[in-house]
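Single-structure report; data block below.
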Amino acid sequence: MGQVIRQRRIAKKLSQEELAERLGTTRQRVISWEKDRNHPNMRYQAGLCLQLGGKPSDYAGVMPPLPLEKVLPRLQRVEDRLGALEEAIATVIEQLLNADQLPS
């Protein structure tokens, strides 16, 4: 997918900076697409179609799945944050129930 973007950009005689400006993004993002580090989201896919031609699926790369050793710590952080949020909500509810004056 990155090669498609690069080849079409060069064929249109656009620099990475010029393409980025036309898409409302940064040169670094265009570079990351061309090097297949990231893939454009649907908004940018539509912009690439307008600027470079083709159809959205030409620019919809498939990101490889994250390895399990990267996923598990992320899930643990989410679980920890949810636990902290549950505790905070429980505290607020308890304070409201025990308040001398409840809002009417």
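Coordinate-derived values only; no laboratory data. In this text, all values refer to a predicted model and were calculated from it rather than measured experimentally. Ideal geometry is used to build each Cβ from the backbone, glycine not excepted, and the neighbour counts take in all protein chains shown.
The table below gives the values:
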read-out: Furthest towards positive pole of dipole, P40, G61, V4, structure part the chain, Cβ charges; value: V4
read-out: Size of charge dipole - the range 2-59 - debye, nearest 20, with Cβ of Lys, Arg +1 and Asp, Glu -1, no other charges; value: 60
read-out: Estimated Rh, the range 2-59: Kirkwood, alpha-carbon pairs, angstrom; value: 10.8
read-out: Cα-based reach from K70 at 27 Å (exclusive), listing lysines while leaving out same-chain residues under 8 positions away; value: K35
read-out: Interatomic Cα distance distribution for the range 65-104, bins of 10 angstrom, percent; value: 26, 27, 20, 15, 9, 2
read-out: Fully extended contour minus Cα-Cα distance, from C49 to S32, at 0.36 nm per residue; value: 4.3 nm
read-out: Total charge dipole magnitude, the chain, about the Cα centre, Cβ charges on Lys, Arg, Asp, Glu only, Debye to nearest 20; value: 1140
read-out: Mean Cα-pair separation over length for the range 2-59, i.e. relative contact order, pairs under 8 Å, 6 or more apart, %; value: 36
read-out: Rounded, prolate or oblate (a/c below 1.5 giving rounded, otherwise prolate when a/b exceeds b/c) for the chain by Cα gyration tensor; value: prolate
read-out: For the chain, with +1 on Lys and Arg beta carbons and -1 on Asp and Glu, the positive-most of A84, L52, A20 along the dipole; value: L52
